[in-house]
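The structure appears below as structure tokens.
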Amino acid sequence: MLGKETLGDIATWPVYELPQARKQSLLLSVMQDLTSHHANSCPGYRAILQKLWNIEDITNLETVPFLPVRLFKHERLISVEPTEVVKTMTSSGTSGTAVSQIFLDKHTSAMQVKVLSRIMGEFIGPKRLPLLVIDCRKTIADRQKFSARTAGILGFSVFGREVEFALDDDMSINEERVMGFLSKHAGESILIFGFTFIVWLYLVRWLESNGRSLNLERGILIHGGGWKQLQSQAVDPEDFKRRLKGVTGITRIHNYYGMVEQTGSIFMECEHGYLHSSVWSEVFVRDPMSFDPLPFGQPGLIQLLSAIPRSYPGHSLLSEDEGVLHGIDNCKCGRKGSYFKVLGRVQDAEARGCSDTYTR
């Protein structure tokens, strides 16, 4: 069984500095331990392994058994005693459909924060910055249930101070509150966080429609989630950045990719528009029919590995997203590791995500 001390050491790994061969060696050891731990501790996971996989066959990261992410909507998968669960996270789901339930023990929850902190520090620096959330306060009102939006806001709030919400509960911009926040922190760098579709609909579009602007040029915007809805409006990432800059002046914009089933293990967008795996994660793109790994440049299903999940078997998941792997260790931004782009949801996949469930 994987020891908590070992996981504590993992949090000290360099985020983007290890060459792929060294990273693979470290991560493979963790994946083998986690697979054994979950097989011993989670009957449902063990039953799946016995039918489809052989732990002895795990000789490289590509051979780590993976679960379809949708399985967490239908099965209660947990690898610790129920009394050890300190938090239950849920995914977003369409009205009337099941949502994923992710059970966290104290250690897994702490690891999420540690790893997320290390990754974020690479993009915003070591200090906590004044945080402007492009959302409304009621989103975090219910601390008993953690939706993806709730988890995102609370998770990124760790990196901010003097948190302010830009929107009222009816999702309208409270300009007076925003201007007060900017005046209070004049001359300082500020962190701005929001889900992509909310930033787009209730900041960019509202400002454009009303012929208004906000001076947020000292901001570092971290956004994620909801591209599916934007794609339906024919808004691509470059257009999103251009129009956002047009009404706010923001130039430091980073998208991130992740899912509630692997919270903390996020993939951040670099200055050249690619999502990067950190030392604690890996990404493969697989053929949707054979599930064989695909070479660079060929679109397929995205598989995600994460060193974090200990209280549930979510360390290797096959997503319902389509993506393309572009390279390893040679991105122009200088960060090591694999880098990729997400193309969107696979055809006929269940509508899912924050933007799919939000109704004004």
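For K245 and L52 in one chain, what is 0.36 nm times their gap in residues minus the Cα-Cα distance, to one decimal in nm? Provide the component values of the computation, followed by the final result.
Numbers: separation 193, 0.36 × 193 = 69.48 nm, distance 4.91 nm.
So the chain would gain 64.6 nm between K245 and L52.
Of H315, H107, which has the most accessible area and how do the rest follow, probe 1.4 Å?
H107, H315
Give me the number: length gained by fully extending E208 to E84, i.e. 0.36 nm times residue separation minus the C-alpha to C-alpha distance, one decimal in nm.
Length gained between E208 and E84: 39.8 nm.
Quick check for me: using +1 on Lys/Arg Cβ and -1 on Asp/Glu Cβ, what's the dipole size of segment 35-167 about its Cα centre, in debye to the nearest 20?
So the magnitude is around 440 debye.
So how strong a dipole does the chain carry about its Cα centre when Lys and Arg Cβ are +1 and Asp and Glu Cβ are -1, to the nearest 20 debye?
Charge dipole, the chain, about its Cα centre: 660 debye, nearest 20.
With unit charges on the beta carbon (Lys/Arg positive, Asp/Glu negative), name the residue among T248, N330, S183 whose Cα is farthest towards the positive pole of the charge dipole of the chain.
Comparing the listed Cα positions along the dipole, S183 ranks first.
Springs between alpha-carbon atoms under 10 Å, Gaussian network over the chain: tell me which of I198, I58, I134 tops the mean-square fluctuations.
Per the Cα network of the chain with a 10 Å cutoff, I58 tops the list.
Given R₀ = 30 Å, FRET efficiency for D169-V113 by Cβ-Cβ distance, to 0.05?
Numbers: r = 27 Å, r/R0 = 0.92.
Computed FRET efficiency for D169 and V113: 0.65.
With the cut-off at 31 Å, tell me which of the pairs K87/K138; K184/K336; K241/K336; K87/K241 have Cα atoms farther apart than that. Intermediate values should be presented prior to the final figure.
Numbers: K87/K138 19 Å; K184/K336 38 Å; K241/K336 25 Å; K87/K241 35 Å.
From the list (K87/K138; K184/K336; K241/K336; K87/K241), the Cα-Cα distance tops 31 Å for K184/K336; K87/K241.
At 222 nm, what value in deg cm²/dmol follows for the chain if DSSP H runs of at least 4 each add -39500 (n - 2.57) and the sum is divided by all its residues, to the nearest 500?
Details: 12 runs with 113 residues, N = 360.
Theoretical 222 nm ellipticity from helices: -9000 deg cm²/dmol.
Which of the three applies to segment 8-92, rounded, prolate or oblate, going by the alpha-carbon gyration tensor with a ≥ b ≥ c and a/c under 1.5 meaning rounded? The partial results should precede the final answer.
Working: a/c = 1.93, a/b = 1.34, b/c = 1.43.
In terms of gyration-tensor shape, oblate.
Which one of I55, L77, P19 is farthest out on the positive end of the charge dipole of segment 19-77, using unit charges on Cβ (Lys, Arg +1; Asp, Glu -1) and the Cα centre as origin?
L77
Is the C-alpha gyration tensor of the chain telling us rounded, prolate or oblate? Criteria: a/c under 1.5 is rounded; beyond that, a/b larger than b/c is prolate, otherwise oblate.
On the way: a/c = 1.64, a/b = 1.56, b/c = 1.05.
It is prolate, given that a/c is not under 1.5 and a/b is the larger ratio.
If you count only protein heavy atoms with a 1.4 Å probe, what accessible area per residue comes out for the chain, rounded to a whole Å²?
43 Å²
Please compute the length gained on full extension between A11 and A186, using 0.36 nm multiplied by the number of residues separating them and subtracting their Cα-Cα distance.
This chain segment gains 59.5 nm when fully extended.
Can you tell me how segment 105-190 classifies by the Cα gyration tensor, rounded, prolate or oblate, using a/c under 1.5 as the rounded cut? Provide the component values of the computation, followed by the final result.
Details: a/c = 3.10, a/b = 1.25, b/c = 2.48.
Verdict is oblate for segment 105-190.
Once the Cα atoms of helix 237-248 and of the chain are each reduced to a long axis, what angle between those two axes, in degrees from 0 to 90 to the nearest 10, is obtained?
30 degrees
Ignoring ligands, DNA and RNA, what percent of the 1.4 Å accessible area of the chain is carbon and sulfur? Before the final figure, lay out each step's value.
Values: 7650 of 15560 Å².
Ligands and nucleic acids excluded, carbon and sulfur reach 49 percent.
Residues with beta-carbon under 11 Å from that of S109, excluding S109: net charge, scoring Lys, Arg +1 and Asp, Glu -1?
Net charge around S109: +2.
The values are calculated or read from the model by the stated rules, or taken from the named source; none is laboratory data. A quick note: this is a predicted structure, and the numbers were derived from the prediction, not measured. Glycine also receives a Cβ, built like all others from the backbone with ideal geometry; neighbour counts cover every protein chain displayed. Surface areas here come from the heavy atoms of the whole protein model, side chains and all, with no ligands, DNA or RNA. Shrake-Rupley method; radii C 1.70, N 1.55, O 1.52, S 1.80 Å.
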